[in-house]
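Below is one structure; the comments refer to it alone.
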Amino acid sequence: MSTLVEKIKSIEDEMARTQKNKATSAHLGMLKAKLAKFKRELITPKSSSGGAGEGFDVAKTGDARIGFVGFPSVGKSTLLSNLAGVYSEVAAYEFTTLTTVPGVIRYKGAKIQLLDLPGIIEGAKDGKGRGRQVIAVARTCKLIFIVLDVLKPLGDKAIIEHELEGFGIRLNKTPPNITFRKKEKGGINLTQVVPQSELDLTAVKTILSEYRISNADIILKEDATCDDLIDVIEGNRVYVPCVYVLNKIDQISIQELDIIYKIPHCVPISAHHKWNFDDLLELMWEYLNLTRIYTKPKGQLPDFNAPVVLKESNRSLEAFCNNLHKGILKDLKYALVWGSSVKYQPQRVGKEHVLADEDIVQIIKKH
């Protein structure tokens with residue numbers, strides 16, 4: 001273990017020493033690729049010995065999963081217990097929560113699972129503390145709440161982001177617009193759709209040689225960096241939206257609060273006094289981007305209490321039917337839809353139709 005960590009440390013030191021300019025960009029790209037490979041080995045160790053650790057494999061329930069990440073004693077457990085009514089052991093000393101504590105809230109008809117993850121410490125990505133398991137659970141979340149102490153937010157924020165980035169979690173980013181395709185022969189073909197400020201053929205070849213790839217087609221559709229290309233080659237990155245929850249606002253002035261409100265992706269709250277929870281839940285809903293669909297049995301009023309919740313990636317009628325029951329689709333004749341996704345109220349649609357939030361659907365079966 002120490003050898004891997006030492007290798008990573010020596011590469012990071014060399015990267016810090018190397019000046020950034022056009023002449024060194026290929027060398028820096030090679031170092032970044034080596035770093036990514038070592039980090040991947042660190043996350044997924046070759047030996048399968050040792051259990052996953054008690055309390056970390058939490059069953060997924062509800063329509064979405066949110067992970068609370070933060071340093072020890074910033075108020076994650078207090079926030080969770082006040083939001084969901086779940087008791088996660090709370091005390092005024094560090095490292096109170098040692099395992100993952102799940103809680104569930106219902107918001108706008110959707111069931112959302114909240115996970116209070118143990119406190120992340122600096123060096124978690126190198127295997128310190130329970131950090132590796134904590135971040136492995138964080139990878140499965142649809143949204144991450146980074147809980148920060150409002151009195152020392154920026155330093156903590158930078159450290160946590162660095163730890164999560166080291167584990168291949170990209171916060172509030174979209175996947176890079178790069179097409180990467182391996183092939184049997186023909187060397188490396190690089191197509192640049194837009195002018196590149198960092199990557200050229202030499203840099204790309206250096207990075208690919210580190211992965212022992214000598215035949216590939218690469219199309220850069222945006223001004224990409226070495227890190228973007230490495231992310232695409234690694235292919236194990238997760239892109240997760242993130243909200244920074246600044247806790248303990250009862251300890252600052254109104255003027256400071258006004259400044260905090262202008263920071264993007266931030267919500268100031270007080271978990272202890274339950275201040276500003278409605279803002280937090282509203283932003284959570286916006287970032288989760290879920291679609292609620294109400295069912296309407298024939299000749300009856302729609303059921304507004306238990307919506308079917310669809311993920312933003314697949315909002316078709318087919319996904320809605322499969323969510324209800326796998327056998328519905330083969331009996332489907334058509335569906336009647338009321339709502340913003342159709343022109344007429346109601347309108348007949350087929351299984352390819354894309355539904356919108358709060359549509360009402362009535363399924364007509366074949367006789």
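The values are calculated or read from the model by the stated rules, or taken from the named source; none is laboratory data. As the structure is a prediction and not an experimental result, all values here were calculated from the model. Note that each Cβ is placed from the backbone with ideal geometry, even for glycine, and that neighbours are counted across all protein chains shown. For the accessible areas, the whole protein counts, side chains as well, though only heavy atoms, and no ligand, DNA or RNA atoms are used. Shrake-Rupley method; radii C 1.70, N 1.55, O 1.52, S 1.80 Å.
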Shape verdict for segment 223-367, please, from the Cα gyration tensor: rounded (a/c under 1.5), prolate (a/b greater than b/c) or oblate.
oblate
Please compute one quarter of the surface area of the Cα convex hull for segment 177-225 and express it in square nanometres.
3.1 nm²
FRET efficiency (LYS326, MET15; Cβ distance; R0 51 Å; to 0.05) is 0.50
List the aspartates and glutamates whose Cα sits under 20 Å from the Cα of LYS108, skipping any in the same chain fewer than 8 residues away.
ASP63, ASP278, ASP279, GLU282, GLU286, ASP303, GLU312, ASP357, GLU358, ASP359
By its C-alpha gyration tensor, with a ≥ b ≥ c as the square roots of the eigenvalues, how is segment 160-304 shaped: rounded for a/c under 1.5, else prolate for a/b larger than b/c, else oblate?
oblate
Once VAL238 and THR191 are pulled to full extension, the length gained, defined as 0.36 nm per residue separation minus their Cα-Cα distance, is 14.4 nm
How would ASP228, ASP116 rank on accessible area, largest to smallest, probe 1.4 Å?
ASP228, ASP116
If the reach is capped at under 19 angstrom between alpha carbons, list the lysines near LYS185, excluding any in the same chain fewer than eight residues apart.
LYS205
With R₀ set to 30 angstrom, the calculated FRET efficiency between the beta-carbons of THR3 and THR174, to the nearest 0.05, is 0.25
Once the piece of chain linking GLU184 and TRP275 is laid out straight, how much longer is it, given 0.36 nm per residue of separation minus the C-alpha distance between them?
26.8 nm
Quick one: if you stick a label point 7 Å off each Cα along the C-beta vector at ILE259 and SER313, how many nm between them?
4.0 nm
Decide, for segment 326-367, between rounded, prolate and oblate: order the square roots of the alpha carbon gyration tensor eigenvalues as a ≥ b ≥ c, take rounded if a/c falls under 1.5, and otherwise choose prolate if a/b is larger than b/c, else oblate.
prolate
Cα-Cα over 29 Å: which of LYS32/LYS182; LYS142/LYS262; LYS142/LYS330; LYS9/LYS262; LYS9/LYS152?
LYS142/LYS330; LYS9/LYS262
Would you mind computing, in nm to one decimal, how far apart the modelled labels at LEU201 and ARG106 are, each placed 7 Å from Cα along Cα→Cβ?
6.3 nm
For LYS298, give me every one of the lysines with a C-alpha distance below 16 angstrom, ignoring sequence neighbours fewer than eight places off in its own chain.
LYS333, LYS365, LYS366
Round to the nearest 0.05 the FRET efficiency obtained for TRP285 and ALA23 when R0 = 45 Å and r is the Cβ-Cβ distance.
0.40
Label-point separation, HIS162 to ASN305 (7 Å along Cα→Cβ), nm
5.2 nm
